[in-house]
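Input: a single structure, listed below in structure tokens.
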Amino acid sequence: MGAWPIRSEGDFVPHVSLTPLLDTGCDILSTGQRQLVAVTLALARPGALTLLDEPLASVDIRQRRHLLDAIGTLGDDRRHVTIVSSHIAADLGSVCDWVVVLRDGGYCFRGSRSELLGASKAGPGDEATLAAFERRILELLG
């Protein structure tokens, strides 16, 4: 079996280093450290689609921003699709282009981030936009 093709660690998650964890057995790692390793490896795997289910669950606040930035940069390549599910709307407000809000087994909204936010003039990553993003999703969920 050939080597698993991955990019160099610094290429896909800047400022996140797995080096300190390399000599630690998985059973010794905390839940957040295991999640960090799993998401970093998922981001390292080249391909046309990445599916991330609650990728920031249990990840500490220091690594959360770096992982969000890395997830956001995957979408810069229009040949790559990243699907992220999360219960924390504010996490996704700065990295998503398209949004699907699920409720009661179906969707109650699907469209672009700008359609979700409507007339909001705030920039994609600023606090006002993230708050508006979260408020709008809460309105949709009733």
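Taken together, the values in this text are just the output of simple stated rules run on the coordinates, not laboratory data. Given the structure is predicted, the values throughout are model-derived calculations rather than measurements. So basically every Cβ, Gly included, is an ideal-geometry build from the backbone, and we count neighbours across all protein chains shown.
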Item to check | Relative packing of 90-98, 22-30, 57-65, 132-140, which averages over residues the other C-beta atoms within 10 Å, highest first | outcome: 90-98, 132-140, 57-65, 22-30
Item to check | Nearest-20 debye value, the stretch 88-142 charge dipole, Cβ charges on Lys, Arg, Asp, Glu | outcome: 160 debye
Next on the checklist: If amide hydrogens are placed 1.01 Å from N in the peptide plane, which non-local residues have theirs closer than 5 Å to the one on V84?
Outcome noted: L52
Checklist entry - Could you give the length gained on full extension between D27 and I61, defined as 0.36 nm per residue of separation minus the Cα-Cα distance, in nm? => result 10.0 nm
